1. So, in the stretch 227-257, exactly how many residues are part of a helix (DSSP H, G or I), under 15 Å from GLU174 (Cα atoms) and of a type in the set (A, V, I, L, M)?
2. So, in the stretch 233-261, how many residues would count as being touching a residue at least 60 places away in the same chain (Cβ under 8 Å), loosely packed, with under 15 Cβ neighbours inside 10 Å and of a type outside the set (Val, Ile, Thr)?
Amino acid sequence: MKSGEPHCDAGCPCAEAGDECDDECDCCGEDADSEHGDDCCHHGYIHPSDPNDPVTSMCVQINKDLEEWEEKGELTPEKLNEALGRFDEALKMTAKHMEALLGKAYVQGELGQSEAAVETLLKALEVDAKDFRAQQMLSEMGEFQDDGPDLELIVKFMDQKGNPTPKFKAALVEIFNRFAVGEGDNKALTKQAMDKFHDAVNGGPLSSDAMDFLFCGEWELDDKGNITQDGFISFYLNQTFTDPTETINDLKKLGYDAECNPTTSSSTPTSSSATPTASSAAPTASN
């Protein structure tokens, strides 16, 4: 077992207490390979690094079956769904098992469930943000730029389901309200407001092509055709998923650091020149 890593799933009293895996059980003093009582931290959970881990054995067998089915030309959607169900069963035993998560993501990709596969791979990166296999699978799915993403940055801004972290969302809401027009729930970014926002971040107005893209309906619009708060947040989630460094650059120009903490007492935007933000998700924008 690997020292210094959590050894229990959610709900275990030891996990809630923040205890960590050790050569000797913190609960009962037994060696890691000894018998433990029902109330012990080792009840039914074996860390993925343990060579005797039954979940690893399950994953090895599932992968062997997948290879055999593929060699025989029998890798049908029915077989893939069978494998997916077996990986899900494995994850019920150990929710953060890397091999099971990678196997599940592979099968989801083969089934054309790309969004679900990305969600699963982000869960894998929460287990180990530097795992090359998970990074490679994400890259092969075409979700990122050719020069590769900084996955450790991405998980700072969004969870495995693609939702913004509380601090990132709070920063985006404040920025939206800074530029949006209207009152209360009716606030929205008009084209004029979006130009002011882009000028503050990039030192110039949007090109007509970039403006058309932003207001084409890809991001949520209100009944007047203006970008809503949810649409603005969705735009930034998309940009962050593609290029988190661009989002960090924007945040710094708008009074936040890379951790989404305010760096200025004033919320007044400042104008400076930079690579056009909208160009990372839209046709060429002018500075």
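The values are calculated or read from the model by the stated rules, or taken from the named source; none is laboratory data. Note that the coordinates shown come from a computational prediction; the quantities given were computed from them, not determined experimentally. Here the Cβ is made from the backbone with ideal geometry for all residues, glycine too, and neighbour counts use every protein chain on show.
1. 2
2. So the answer is 2.
Conditions tested, residue by residue: (1) modelled with pLDDT under 90; (2) more than 19 Å from the chain's Cα centre (by Cα); (3) surrounded by fewer than 16 Cβ atoms within 10 Å (Cβ to Cβ).
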position	(1), (2), (3)
SER34	yes, yes, yes
TYR45	yes, yes, no
THR56	yes, yes, no
ALA105	no, no, no
